[in-house]
Amino acid sequence: MTAAATVNSLAVLLILTSLLVVESRRLKVSAYFYSLQSLVLISIFLSIAVINEAEQLYLWCITTLITKAFLVPFILLRVIKTTGVVEEEPPLVGTTWSVILAALMVGLAFILVQPFHMLAILKYKTAMAVSLAHFLLGLHCMITRRNALKQLLGFCLMENGSHLTLAIMAYNVPELAEIGILTDAVFAVLIMSLIAVKLYKAFGTMDAGQLKMLKG
């Protein structure tokens with residue numbers, strides 16, 4: 001297997017972990033699968049770093065390990081422990097339809113990247129399709145899930161997709177820019193986690209539909 005094929009194969013694993021994050025009803029399990037996905041993302045960064053001799057990506061691996069594989073899951077698990085909510089509320093669509101919609105989104109992502117002929121992504125077309133699919137799956141999770149933490153995980157999936165796109169197309173971006181991106185993502189997770197806790201304390205649920213009832 002060539003190095004580029006390794007990257008594309010690992011990218012397929014990202015799709016599988018995304019589906020597990022979205023479809024798992026137990027919040028703690030979804031958080032663990034997100035951590036696993038982040039480790040797969042780090043493996044992709046390492047592979048691209050070796051292929052392109054991009055030393056910056058080694059630093060990306062360290063920051064991603066700290067923030068995505070450990071810090072974000074830790075925040076999510078703390079919220080779960082604080083609220084005692086272990087399962088998400090029933091989603092707006094059933095599991096069967098959710099999986100069908102996810103499959104259609106993945107297929108759409110692969111179709112959309114076919115016209116791309118940029119040299120930077122020619123050998124990583126599968127990985128590029130996966131990065132786009134991540135954005136769509138994250139959006140799917142945010143729209144169809146009522147639980148605030150699951151919607152937060154949907155945001156995290158979208159962020160992972162954009163992170164993969166950046167690694168494929170702009171792997172020479174300075175580490176300072178990478179840290180800035182991750183810092184924004186971590187602060188977003190912190191803020192949305194606090195909202196989820198406030199929601200639970202106010203209504204005894206993390207159903208995001210109750211947010212319209214919050215005042216003051």
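The values are calculated or read from the model by the stated rules, or taken from the named source; none is laboratory data. Nothing here was measured: the structure is a model prediction, and the numbers come from that model. Every residue, glycine as well, gets a Cβ built from its backbone with ideal geometry; the counts of neighbours run over all protein chains shown.
Things worth noting here:
- All of (1) of a type outside the set (D, E, K, R); (2) at pLDDT below 85; (3) surrounded by fewer than 15 Cβ atoms within 10 Å (Cβ to Cβ); (4) on the phi < 0 side of the Ramachandran plot hold for V99 with one exception: (2).
- Condition met for V7 (more than 18 Å from F155 (Cβ to Cβ), surrounded by fewer than 16 Cβ atoms within 10 Å (Cβ to Cβ) and touching a residue at least 40 places away in the same chain (Cβ under 8 Å)): no
- For K28, the criteria (1) in a helix (DSSP H, G or I); (2) more than 15 Å from the chain's Cα centre (by Cα); (3) farther than 30 Å from I100 by Cβ hold in every case but one, which is (3).
- Which listed residue is within 24 Å of L199 (Cα to Cα) and at pLDDT 85 or above, from L76, L104: L76
- Every condition in (1) in contact with a Ser or Thr (Cβ under 7 Å, 6 or more places away or on another chain); (2) modelled with pLDDT of 85 or more is met by N8 except one, and the failing one is (2).
- Qualifying residues in region 145-160 (those that are out of contact with any Asp or Glu (no Cβ under 8 Å at 6 or more places or on another chain) and buried (at least 24 other Cβ atoms within 10 Å of the Cβ)) - the one farthest from W60 (Cα to Cα): L152
- Contact annotation: residue pairs with Cβ atoms under 6 Å, 6 or more positions apart or on different chains, pairing a residue in region 175-198 that is closer than 12 Å to L152 by Cα and among the β-branched types (V, I, T) with a partner that is part of a helix (DSSP H, G or I) and modelled with pLDDT of 80 or more, are V186/T67; V189/V72; V189/I75.
- Within region 83-107, if we keep just the residues that are among the β-branched types (V, I, T) and not in a loop (DSSP other than H, G, I, E, B), the residue that is farthest from M206 (Cα to Cα) turns out to be V106.
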